Amino acid sequence: MKPYISAKVVSQRETVGGHFLIVLKVPASFRGSSPGQFVMVRMPNTDTPFLSRPFSIYSVYSQDKETFLEILYKVAGRGTAVFSGLRKGNVLNVLGPLGKGFDVPPQCDKIVLIAGGVGIAPLSFLAQRCEKDHNGPEIICYAGAGNLESLVGIDRIEGMCSAVKISTDDGSWGYRGTVTELFSRDMDLYVNNGSRLYSCGPDPMLRRLQELVEGRPVVCQVSLEERMACGIGACQGCVVKVRSGGAGKGLPRVCKEGPVFDICEVEFGEDNG
Ligand SMILES: Cc1cc2nc3c(=O)[nH]c(=O)nc-3n(C[C@H](O)[C@H](O)[C@H](O)COP(=O)(O)OP(=O)(O)OC[C@H]3O[C@@H](n4cnc5c(N)ncnc54)[C@H](O)[C@@H]3O)c2cc1C
Ligand code: FES
């Protein structure tokens with residue numbers, strides 16, 4: 001089993017209201033991270049937060065022979081509130097990279113990202129990796145949030161995509177409505193032509209996306225954000241219901257068999273919400 005490592009905070013800043021970008025110095029082994037993989041993070045020498053918290057990898061990069069890990073997160077409760085108070089030089093314990101990331105076939109020539117709120121984090125890492133490949137696919141992103149103030153990660157992803165289409169629930173930026181409504185207007189452009197869809201966001205958004213793609217000739221992978229305790233498949237705390245016959249895996253664990261799943265395999269419901 002991989003051990004937790006000590007990672008020094010290199011910088012931390014608030015990007016938009018209540019959302020933070022933290023940069024950690026990590027061992028070179030993190031260079032092998034794949035988009036969609038995640039890390040478990042906890043405070044050293046304290047039980048606050050008592051459990052580790054899972055976060056998608058927003059990016060991993062190297063500079064001057066050092067390796068850095070970026071996490072983009074929203075303050076949701078006690079643990080993330082503690083993390084948001086960290087400053088340069090503080091230390092966090094980090095376990096990772098964990099889980100199974102997104103799968104992009106080599107022959108794919110168009111990928112479509114559908115992001116809800118901070119769900120943009122793993123999709124941005126995916127875009128970054130695809131962009132580095134000069135023969136890589138065209139990338140189009142649909143990004144939504146409640147309002148302009150909570151739209152996060154847009155500047156970075158704009159630099160990596162041929163188009164970024166924005167929605168806000170209150171119409172304060174872009175299309176007024178949900179990101180799935182916005183995407184549904186263009187969806188016919190992406191079916192039956194080898195395009196791949198990738199998504200991350202709150203469960204109601206993913207459930208609606210599932211309704212849209214179901215029965216259509218298109219592959220859509222989603223990264224799920226189930227609550228987690230161990231992050232390594234030991235506690236069974238993150239099992240997710242899948243449709244019978246979907247994957248034949250019984251109750252897969254989001255941390256081990258996921259967090260990325262085919263959207264049509266997942267049974268979204270109260271237990272998964
Ligand atoms: C694989 C994975 C990747 C993730 N990546 C990111 C990321 O890149 N950025 C980010 O901001 N968050 C991400 N999350 C969610 C993040 O882990 C939670 O927001 C965090 O654990 C909340 O901890 P807390 O102590 O602040 O909140 P708590 O006090 O534990 O909870 C506060 C509120 O947040 C809700 N909550 C807690 N955990 C989750 C969860 N996993 N999903 C949805 N709601 C939750 C609780 O129900 C409660 O309403 C990810 C989760 C998973 C499983
Ligand atoms: S969090 Fe323990 S099994 Fe997934």
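Structure data summary
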{"item": "Percent RCO, i.e. relative contact order, over the chain, from Cα pairs under 8 Å lying at least 6 residues apart", "result": "17"}
{"item": "Order of I157, I263 - criterion: other Cβ atoms within 10 Å of each residue's Cβ, fewest first", "result": "I157, I263"}
{"item": "Charged-residue dipole, Cβ positions (Lys, Arg, Asp, Glu), the chain about Cα centre, Debye nearest 20", "result": "940"}
{"item": "In degrees, nearest ten, helix 120-132 long axis to first principal axis of the chain (Cα)", "result": "80"}
{"item": "Charge context of G89, other residues only, Cβ under 14 angstrom, K/R +1, D/E -1", "result": "+4"}
{"item": "Selection from S167, N192, Y58 lying farthest towards where the dipole of the chain points positive, charges on Cβ", "result": "Y58"}
{"item": "Value at 222 nm in deg cm²/dmol, rounded to 500, when DSSP H runs of n ≥ 4 in the chain each add -39,500 (n - 2.57)", "result": "-4500 deg cm²/dmol"}
{"item": "Cross-link reach list, aspartates and glutamates versus K25, counting only Cα pairs under 19 Å and skipping chain neighbours closer than eight places", "result": "E14, D64, E66, E70"}
{"item": "Residue pairs, from the table K132/K241; K74/K165; K100/K132; K2/K100; K8/K74; K65/K132, whose Cα atoms sit over 24 Å apart", "result": "K132/K241"}
{"item": "Hits among aspartates and glutamates - C-alpha to C-alpha of K110 under 19 Å, sequence gap 8 or more where chains match", "result": "E131, D133, E138, E158, D186, D188, D262"}
{"item": "Relative contact order %, segment 5-98, counting alpha carbon pairs below 8 Å whose residues are six or more apart", "result": "41"}
{"item": "Fluctuation leader among N135, N192, N45 - the chain, Gaussian network, Cα springs under 10 angstrom", "result": "N45"}
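Any read-out appearing in this document is the output of simple, stated calculations on the displayed coordinates, not a laboratory observation. These figures come from a predicted structure and were not determined experimentally. Here the Cβ is made from the backbone with ideal geometry for all residues, glycine too, and neighbour counts use every protein chain on show.
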